[in-house]
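Asks: Below is the structure I would like to discuss, written out as structure tokens.
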Amino acid sequence: MKLGCCYYPEHWPETDWDNNAAHMREMGLELVRIGEFAWSRMEPQQGQYDWDWLDRAIESLAKGGLKIILGTPTATPPKWLVDSMPDMIAIDEKGNPRKFGSRRQYCFSHMPYRQECARITQIMAMRYGNHDAIMGWQTDNEYGCHDTVLSYSVAAASRFRDWLSNKYDKISALNAAWGNVFWSMEYQSFDAIDLPYLTVTEANPAHVLDYRRFASDEVVSFNKIQTEIIKKYSPDRIIMHNFMGFYTDFDHHKVGADLDIATWDSYPLGFLEMFPFSDEEKEKFARQGHPDIAAFHHDLYRGCSNKWGVMEQQPGPVNWAHHNPAPLDGMVRLWTIEAMAHEADFCSYFRWRQIPFAQEQMHAGLLRPDGVEAQGALEARQAAADIAALRETATLHETATNQNAQNPKAQTIALHFSYEAQWLFETQPQGQSFQYLWLVFEHYSALRRMGLNIDIVSQDDDLEGYAMVIIPSMPIINDDFIAKVKALNVPVMFGPRSGSKTKDFSIPDNLAPGPLQQLIDVKVTRVESMREGLHHFGTSRHGDDFRIDHWIEHVVGTAEVVEQCHNGTAILSRHNNIYYCSAWPDDALLHNMLMDLLKLTDLKPIILPQELRIRRKDGFHYIFNYGCKMIDLGNIHGPWQGGNYIIGQENLASAQIAVIAAD
Ligand code: GAL
């Protein structure tokens, strides 16, 4: 794994550039990302280009020995461009324009803006695409940041109608699929259909889900315009985009299919603060981030393209969360090496130097605004030294590496995640607390607490060869997926609301779990969502009490009941290797159910302390202490015992890491 940083030559005097480049190299950085917000400097007036400064910046960084990732500047269209086509502005769900003065104000569906993006991308690719120092490209910047995927503009409405007409061909087919007879919502033609916003009460969920699918496809086709131009004019360069954390408004698997490397922007402290973690977790991990935030996204985005990397790594306090604490000393290094443990290609810090002006002046960089190294820089240096040490050891232990690489999939759990499922449950939650992403995250966390390696997979991935397959919920199940699961002989667990909808957002004729009934005889006859304070209780086979919150289903059928509530309601049913969990399990029950399933595999789960995480890669055990106290690794019955500590020691201090060579 290489290290890098995000750098904005246009923010700093040219006289600094050479020194900055030399400083980066001396710190151990090898990559630098530039350019993604600099359109107003590249083209100050329509058609009047100024490339001289960028030519010189690229030369300066190249001369300094850095490889460059060049960003296309399309996330920040300049004022002259917006003024020349005011209808390119996205419209929010209240009908308000998203005005100029920050960034990402464009609508993905605006065709003349797409042409402008193609134009600037082509000019850049032709000018810099074959430069030796340009190793790759970043398209745009964080699609969807600041809630910008959904737009209710005239342009979006027009392209949505075309999308619908392609999908349904006849308006009668659309009316039938959506069930428009309900409330007299039938349309006579595709032209009559509007975007689903500003309706009196909720819009038809089938209408909303199609709009969400369309909006996601718009991001995919917008991105593809740039990737095709870059491939043509800048051959053999890596194409990337930087995804975000806990962000689901478009299908990252589909965008990732057009990339060489899926990258993401990792801000563990900001994400902990801004997403629905418990108060206890927010307090406990305020300066470290919840131990599964970064890893969850590493494992998700690894599955979105051929390779993956961290394009922006938090180097200190950020500026955008409700509160912005400083990471514990050691965390920036820990996050960096954890990315390596999850097979990142590179990790690049955001940003090189804290900027003293404009929106992000309170966001830390590796350097302070006065140019002096901040804590993040010290830790980047340490991470660079760790990587060098590991590289050396890996060469020495090549045999160990090869042995372990034999069949990593057989040692790994496949955890399914679907963007479409997220849109569906957002459209029809049926209970405020049914939040699909958190259901998936809780399964991920439970498995990670057992020290297991996890691949987060999509329904199109090959599931053959995994030790176990967990599908927290899959509301729409297609026949291909059923066939795929049928061919597996490892434990497969489906969660609540699986198979509960058809592709057209209706209840299946045979009721939930729909087509899954081909594999296990359970039928859902009634569902309940529960407010806070309303629960069902039970005692698991292990004798532990559990409590069901959020969601429970009443099922009938011939499948064996493995876990149930005190009142006899089945919670976990089984037929052969297929399990159906018909409730949102609490932590203890989820743990017990997963432990039981793991007994049917060759894996050896360990119970890790709440603050400790591990990952196995290439014969090394990477161990991370996310807690505030020292942890004695000697007291934990882990497979690393007796191994050789390459980094760290048995008494693992807070925010520290250990890397141990062991089979
Ligand atoms: C990212 C974005 C960067 C910067 C950063 C601040 O979301 O890509 O441009 O704004 O956040 O943390």
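Asks: Checking the structure you have, find out if any residue of the range 243-252 is at pLDDT 95 or above and over 30 Å from Pro317 (Cβ atoms).
Replies: Checked against the condition, which is being at pLDDT 95 or above and over 30 Å from Pro317 (Cβ atoms), the range 243-252 yields at least one hit.
Asks: Kindly indicate the residue of the range 21-41 that is surrounded by 23 or more Cβ atoms within 10 Å (Cβ to Cβ) and not aliphatic (A, V, I, L, M) and also farthest from the ligand (Cβ to nearest atom) among those meeting that condition.
Replies: Ranking the candidates gives Gly35 first.
Asks: Right, another one. If Ala339 meets every condition in (1) away from the ligand (no atom under 16 Å from the Cβ); (2) assigned to a strand (DSSP E or B) apart from one, which number is that one?
Replies: Going through (1) away from the ligand (no atom under 16 Å from the Cβ); (2) assigned to a strand (DSSP E or B) one by one, Ala339 breaks only (2).
Asks: Moving on to the next point. Please state which of the following conditions Val318 fails to meet, knowing it meets all the rest: (1) of a type in the set (Val, Ile, Thr); (2) part of a loop (DSSP other than H, G, I, E, B); (3) within 24 Å of Leu447 (Cβ to Cβ).
Replies: (3)
Asks: If I go through the range 344-361 residue by residue, how many of them are assigned to a strand (DSSP E or B) and open to solvent by 10 Å² or more (accessible area, probe 1.4 Å)?
Replies: 1
Asks: Here's another thing I want to ask about it. Can you find a residue that is at positive phi and exposed (fewer than 15 other Cβ atoms within 10 Å of the Cβ) anywhere in the range 639-651?
Replies: yes
Asks: Now for a different question. Whether any residue in the range 255-264 is polar (S, T, N, Q) and either touching a Gly at 6+ places or on another chain (Cβ under 6 Å) or farther than 22 Å from Leu452 by Cβ (or both) is what I want to check. Spell out how you get there, then give the answer.
Replies: First pass over the range 255-264, keeping only residues polar (S, T, N, Q): 263.
From what's left, either touching a Gly at 6+ places or on another chain (Cβ under 6 Å) or farther than 22 Å from Leu452 by Cβ (or both): 263.
The answer is yes, given that some residue of the range 255-264 is polar (S, T, N, Q) and either touching a Gly at 6+ places or on another chain (Cβ under 6 Å) or farther than 22 Å from Leu452 by Cβ (or both).
Asks: Moving on. Please pick out the residue among Ala559, Ala570, Ala583, Ala588 that is in contact with a Cys (Cβ under 9 Å, 6 or more places away or on another chain) and of a type in the set (Gly, Ala, Ser).
Replies: Ala583
Asks: So how many residues does the range 582-614 have that are more than 24 Å from Gln411 (Cβ to Cβ) and part of a strand (DSSP E or B)?
Replies: Residues in the range 582-614 being more than 24 Å from Gln411 (Cβ to Cβ) and part of a strand (DSSP E or B): 1 in total.
Asks: Could you tell me whether any residue of the range 264-277 is within 16 Å of the ligand (Cβ to nearest atom), open to solvent by 30 Å² or more (accessible area, probe 1.4 Å) and of a type in the set (A, V, I, L, M)?
Replies: yes
Asks: Please work out if Ile230 is away from the ligand (no atom under 16 Å from the Cβ) and over 20 Å from His110 (Cα atoms).
Replies: Spelling it out, Ile230 is indeed away from the ligand (no atom under 16 Å from the Cβ) and over 20 Å from His110 (Cα atoms).
Asks: Checking the conditions here, which among Ile477, Ile470, Ile482 is open to solvent by 10 Å² or more (accessible area, probe 1.4 Å), of a type in the set (A, V, I, L, M, F, W, C) and either part of a strand (DSSP E or B) or within 27 Å of Ala177 (Cβ to Cβ) (or both)?
Replies: Going through Ile477, Ile470, Ile482 in turn, just one is open to solvent by 10 Å² or more (accessible area, probe 1.4 Å), of a type in the set (A, V, I, L, M, F, W, C) and either part of a strand (DSSP E or B) or within 27 Å of Ala177 (Cβ to Cβ) (or both): Ile477.
Asks: Considering every residue within the range 552-566, establish whether at least one is assigned to a strand (DSSP E or B) and touching a helix residue (DSSP H, G or I) at 6+ places or on another chain (Cβ under 6 Å). I'd like the intermediate steps shown before the answer.
Replies: The first filter runs over the range 552-566 and keeps only residues assigned to a strand (DSSP E or B), leaving 552-556, 560-565.
Next, only the ones that are touching a helix residue (DSSP H, G or I) at 6+ places or on another chain (Cβ under 6 Å) stay: none.
So far as the range 552-566 goes, no, none of its residues is assigned to a strand (DSSP E or B) and touching a helix residue (DSSP H, G or I) at 6+ places or on another chain (Cβ under 6 Å).
Asks: Tell me, please, whether a residue that is without any contact (Cβ under 8 Å) to a residue 60 or more places away in the chain, among the aromatic types (Phe, Trp, Tyr) and farther than 21 Å from Phe441 by Cα can be found in the range 545-554.
Replies: No, the range 545-554 has no match at all.
Asks: Cβ-Cβ distance below 6 Å, separation of 6 or more or different chains: which pairs start in the range 37-58 with a residue that is more than 20 Å from Asp16 (Cβ to Cβ) and acidic (Asp, Glu) and end on one that is away from the ligand (no atom under 16 Å from the Cβ) and open to solvent by 20 Å² or more (accessible area, probe 1.4 Å)?
Replies: Glu43/Tyr49
Asks: Condition first: within 18 Å of His207 (Cβ to Cβ) and not β-branched (Val, Ile, Thr). Can you find one or more residues in the range 106-119 that meet it?
Replies: Yes, the range 106-119 contains at least one residue that is within 18 Å of His207 (Cβ to Cβ) and not β-branched (Val, Ile, Thr).
Asks: Specify the residue that is nearest to Leu594 (Cα to Cα); the eligible residues are those in the range 542-561 that are of a type in the set (A, V, I, L, M) and open to solvent by less than 20 Å² (accessible area, probe 1.4 Å).
Replies: So, considering only residues that are of a type in the set (A, V, I, L, M) and open to solvent by less than 20 Å² (accessible area, probe 1.4 Å), the one nearest to Leu594 (Cα to Cα) is Ile548.
Asks: Within the range 242-253, does at least one residue satisfy the condition of being within 29 Å of Ala658 (Cα to Cα), open to solvent by 10 Å² or more (accessible area, probe 1.4 Å), within 14 Å of the ligand (Cβ to nearest atom) and touching a strand residue (DSSP E or B) at 6+ places or on another chain (Cβ under 8 Å)?
Replies: The answer is yes, given that some residue of the range 242-253 is within 29 Å of Ala658 (Cα to Cα), open to solvent by 10 Å² or more (accessible area, probe 1.4 Å), within 14 Å of the ligand (Cβ to nearest atom) and touching a strand residue (DSSP E or B) at 6+ places or on another chain (Cβ under 8 Å).
Asks: If you scan the range 615-637, which residues turn out to be outside any strand (DSSP E or B) and open to solvent by 10 Å² or more (accessible area, probe 1.4 Å)?
Replies: Asp618, Cys628, Lys629, Met630, Gly634, Asn635, Ile636, His637
Asks: Could you list, in sequence order, the residues of the range 187-216 that are free of Cβ contacts under 8 Å to residues at least 24 places away in the same chain and crowded, with 16+ Cβ neighbours inside 10 Å?
Replies: First pass over the range 187-216, keeping only residues free of Cβ contacts under 8 Å to residues at least 24 places away in the same chain: 187-189, 192, 196, 199-203.
Selection gives Tyr187, Pro196, Ala203.
Asks: Shifting gears a bit: Return the pairs, sorted by first residue and then second, in which the second residue is buried (at least 18 other Cβ atoms within 10 Å of the Cβ), the first residue lies in the range 605-622 and is among the polar types (S, T, N, Q), the beta carbons are less than 9 Å apart, and the residues are 6+ apart or on different chains.
Replies: Gln610/Lys284; Gln610/Pro291; Gln610/Arg449; Gln610/Tyr626; Gln610/Gly627
Asks: Sort through Ala321, Ala374 and tell me the only one that's touching a residue at least 40 places away in the same chain (Cβ under 8 Å), surrounded by fewer than 24 Cβ atoms within 10 Å (Cβ to Cβ), closer than 15 Å to Met24 by Cα and within 16 Å of the ligand (Cβ to nearest atom). Full working, then the answer.
Replies: Numbers: Ala321 fails: closer than 15 Å to Met24 by Cα.
Criteria check complete, one pass: Ala374.
Asks: Follow-up question, since we're still on this one. Kindly evaluate Asp147 against the criterion of being under 13 Å from Gln226 (Cβ atoms) and within 16 Å of the ligand (Cβ to nearest atom). Steps first, answer last, please.
Replies: On the way: under 13 Å from Gln226 (Cβ atoms): no; within 16 Å of the ligand (Cβ to nearest atom): yes.
So Asp147 fails the test.
Asks: So which residues in the range 253-279 are in a loop (DSSP other than H, G, I, E, B) and either at pLDDT 95 or above or under 15 Å from the mean Cα position of the chain (by Cα) (or both)? Break it down stepwise before answering.
Replies: Our first condition is that a residue be in a loop (DSSP other than H, G, I, E, B); within the range 253-279, this holds for 257-260, 267, 275-278.
Passing the criteria: Ala257, Asp258, Leu259, Asp260, Tyr267, Phe275, Phe277, Ser278.
Asks: Got a sec? Which of Tyr49, Tyr7 is away from the ligand (no atom under 16 Å from the Cβ) and modelled with pLDDT of 95 or more? Steps first, please.
Replies: Numbers: Tyr7 fails: away from the ligand (no atom under 16 Å from the Cβ).
Selected residue: Tyr49, the only one of Tyr49, Tyr7 that is away from the ligand (no atom under 16 Å from the Cβ) and modelled with pLDDT of 95 or more.
The values are calculated or read from the model by the stated rules, or taken from the named source; none is laboratory data. It should be emphasised that the depicted structure is a prediction, and the values quoted were computed from it without experimental measurement. Counting neighbours? That spans all protein chains shown, and the Cβs are built from the backbone with ideal geometry, glycine included. Side chains included, ligands, DNA and RNA excluded: accessible areas come from the protein's heavy atoms. Shrake-Rupley method; radii C 1.70, N 1.55, O 1.52, S 1.80 Å.
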